[in-house]
Structure formats: structure tokens, C-alpha cells
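The values are calculated or read from the model by the stated rules, or taken from the named source; none is laboratory data. Note that this is a predicted model, so its numbers are computed, not measured. Here the Cβ positions follow ideal geometry from the backbone for every residue, glycine too, while neighbour counts run over all protein chains shown. Quick note on the areas: whole protein, heavy atoms, side chains included, nothing else; ligands and nucleic acids left out. Shrake-Rupley method; radii C 1.70, N 1.55, O 1.52, S 1.80 Å.
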Amino acid sequence: MKKLILTTLLLLSWAGVSLGGIETRQFESPEQETAYKELVFELRCLVCQNQNLADSNAELAVDLRNEVYRMLKEGKSKREVLDFMVARYGEFVLYRPPVDKATALLWFGPVIMLAIGLLIVILFIRRHRNRPGENDPDEIIPEDDY
Amino acid sequence: MKAKFLIPLLIFLVISGFLGVGLVLDPKEVPSPLVGKPAPALSLPALDNPERIVTTEEFLGKPWMLNVWATWCVSCRAEHRLLVEMAKHTDIPIVGLDYKDDADDAKQWLRQLGDPYAVTAFDEKGRIAIDWGVYGTPETYLIDKEGIIRFKQIGPIDAKVMQEKILPLVKQLQEEAA
């Protein structure tokens, strides 16, 4: 029972956090609402740079949320809203930057690190397996030695 | 065998290198995509006369400077003195963009601290500032005779920025226009 109460409280507090900066909005369609939510979660607040527009209560974040809402209401697509933001604030506003020369290391770095790690593990295992003097099931002791 | 001992040192040096560079970079300085692009439209009422509409077009043909400020902005106060001096010693028009402010407070500020601006556009809601990619005041833009943004300063102008960046560029832009 205690566990259940604690879990509920924890979930409730989390819900409060994720809805922090979002105003009540009326949308024309569920698609529009989804687009709005995706956009405010994907766009960075320029004032508090480690927060997205949805989380931030900075004045600029409120203004930009209004701007996103207005554009969607006007029938603009998600792409158009993102282009609008990039044209003004640069690619830095995107929490999911496009893959290009400057961001290649960011995108592929983890995969490269994983590959290096795997390589080290493989080499390590191989070397230990082939170390002479340790119990090798295939090693045969010559008859003369007995 | 000896080289093996050097591996942690090497990793340490590489990490230190990256962190060192990270310390020197200023994350607040987001490179503006607007530099090299035409200045966005302005079209706002003037602070001292709401009937006069300030537009980007009226400055075409000569270089000008746009300075985004607000009375609630602490570092704007610090840079204001330099702008007043600049207005005295150069003839480039400095246009103010009063950002999300109270008109009466703003007028009083200019009376008290001096008015370096050829005209101040009043952006009460901050809508135009979004088009200019403003995300922190003060911000300053230099626009050439063709209406292209050539420089953007994010944060307050200090004496060093004024001497090393703004004044030489103003001179260059004025020579280009001559």
C-alpha cells in the first residue's frame, strides 16, 4: 500500500514537471495538437539553453510558444515552423540537429565509441584465450613426457 | 610495455584539451544566421510618436546600426554610455529597438541617460524582435547600405568591442557607401 502511494506521488510530481510551461490551448485537430507538442519539445529555449520551449518559463519561450501556436493555426506545417525558427536563431534552436558535416561527430560519435569498445573487448578476449601455459583443451602432452 | 602506462595520461590530456576549449567558448554566443542576410522588416511605431512608423526601408542607401534595449535590462544601462559617446563622435544613425518595455519608463530612461538614437522603434510585444532573432538584450546589429546585416553583437558592447569591432566596421561600411 505504502509503495502504491509513493509510486502515485512520484508519477504525479513528474506529470507536473513535464507540463510546466504549457498553456491551455485549443486546437482544430488532434494532428495539430501533436505537431504543437512535438515542436515545443524539440525547440530549444535560447534564454535557458538547456531547456526546451515546453519546459521554459522565460518570456521569450512564452512568446515563441505563442508563435508556434499561431503558425500552426494559420495552417503552416511543422517543417515551415522549424524553418522559421532556424532562419532566426540558427540550427542551435533544434534539439535534434540535422545530419551534416558539422554535426557528423555528434551523430556518429556514439556508434564509433561503441565500435572501439567492442574492438577492445574482442582483442582482450582473444589474447587471453591464446595465452600459452593456461589450460588449453586442445593441447596434447607428448607421450614421452609421462 | 612502457607505452601502456602512457595511455591513461594520453586520455587525460585529450579530455583536458576538449574541456579547456569548452571553457573558453561562450555558449551564450549563438552564431546568428542573419549575418550576411537582408535585415528583416521593422515597421514599428516610434517611441516618442506612435503615429510615426519606423521602417527598415527608410535607412536603405546608407549604413545604420540597430540596438535592442529595454529599461529592465541591466547590462543595457552599462552599454548606454558608450552609445551616447558613439552618437556624438560618429554620424552613423543608431536606431533603438525598445524591447518589451513600458513606454513611459523608456522615455524617462532616455531623458535621464541621454538619447543616442536617431529614432527608437517601440516593440511592446517583442514580435519584431523575434524576426531579428533577438534572444537576449542588449543586441546590436550593423547594417550596410544594401540593407544586409554585417555584424551582430550579442550582449553589451564594451570599450574593447567598440574599438576593435564596431568602429572599424562602421568606417568600412561608410567608405563602401561613399
Quick one: in the range B:124-138, of everything that is over 11 Å from the mean Cα position of the chain (by Cα) and within 7 Å of another protein chain (Cβ to nearest Cβ), which residue is farthest from A:ASN66 (Cα to Cα)?
-> B:ASP131
If we scan the range B:4-23, do we find a residue that is aliphatic (A, V, I, L, M) and surrounded by 13 or more Cβ atoms within 10 Å (Cβ to Cβ)?
-> no
Note: among B:VAL84, B:VAL74, B:VAL68, B:VAL35, just one is open to solvent by 20 Å² or more (accessible area, probe 1.4 Å) and either within 14 Å of chain A (Cβ to nearest Cβ) or more than 23 Å from B:TYR141 (Cα to Cα) (or both), namely B:VAL35
When you look at A:ALA61, is it open to solvent by less than 70 Å² (accessible area, probe 1.4 Å), assigned by TED's automatic domain parsing to the domain that holds A:GLU31 and either part of a strand (DSSP E or B) or small (Gly, Ala, Ser) (or both), yes or no?
-> yes
Find all pairs meeting these conditions: Cβ atoms under 6 angstrom apart; at least six residues apart or on different chains; first residue within the range B:110-123 and within 15 Å of B:HIS89 (Cβ to Cβ); second residue part of a helix (DSSP H, G or I).
-> B:GLY114/B:VAL84; B:PRO116/B:LEU83; B:PRO116/B:VAL84; B:PRO116/B:ALA87
If you take the residues of the range A:26-64 that are away from chain B (no Cβ under 11 Å) and among the charged types (D, E, K, R), which of them is farthest from A:PRO97 (Cα to Cα)?
-> A:GLU28
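Scan the range B:38-53 residue by residue and report those that are touching a residue at least 12 places away in the same chain (Cβ under 8 Å), open to solvent by 60 Å² or more (accessible area, probe 1.4 Å) and part of a strand (DSSP E or B).
We begin by selecting, within the range B:38-53, every residue touching a residue at least 12 places away in the same chain (Cβ under 8 Å); these are B:38-48, B:50, B:52.
Next cut, open to solvent by 60 Å² or more (accessible area, probe 1.4 Å) only: B:38, B:41, B:43, B:48, B:50, B:52.
If the condition is that a residue be touching a residue at least 12 places away in the same chain (Cβ under 8 Å), open to solvent by 60 Å² or more (accessible area, probe 1.4 Å) and part of a strand (DSSP E or B), then B:PRO38 is the only one that fits.
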Can you name every residue in the range A:65-95 that is within 12 Å of another protein chain (Cβ to nearest Cβ), touching a residue at least 24 places away in the same chain (Cβ under 8 Å) and exposed (fewer than 15 other Cβ atoms within 10 Å of the Cβ)?
-> none
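So, in the range B:87-119, of the ones that are among the polar types (S, T, N, Q) and more than 23 Å from B:PRO168 (Cα to Cα), which residue ends up least open to solvent (accessible area, probe 1.4 Å)?
Quick first cut of the range B:87-119, residues among the polar types (S, T, N, Q) only: B:90, B:108, B:112.
From the residues that got through so far, the ones that are more than 23 Å from B:PRO168 (Cα to Cα) too are B:108, B:112.
Values: B:GLN108: 84, B:GLN112: 126 Å².
Filtering the range B:87-119 for residues that are among the polar types (S, T, N, Q) and more than 23 Å from B:PRO168 (Cα to Cα), the one least open to solvent (accessible area, probe 1.4 Å) comes out as B:GLN108.
Could you tell me whether any residue of the range B:160-173 is surrounded by fewer than 20 Cβ atoms within 10 Å (Cβ to Cβ), within 14 Å of another protein chain (Cβ to nearest Cβ), within 14 Å of the chain's Cα centre (by Cα) and in contact (Cβ under 8 Å) with a residue 12 or more places away in the chain?
We begin by selecting, within the range B:160-173, every residue surrounded by fewer than 20 Cβ atoms within 10 Å (Cβ to Cβ); these are B:160-165, B:167-169, B:171-172.
Within this subset, residues satisfying the condition of being within 14 Å of another protein chain (Cβ to nearest Cβ) are none.
No, the conditions are met nowhere in the range B:160-173.
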Are any of the residues in the range A:16-37 of a type in the set (Gly, Ala, Ser) and in contact (Cβ under 8 Å) with a residue 40 or more places away in the chain?
-> yes
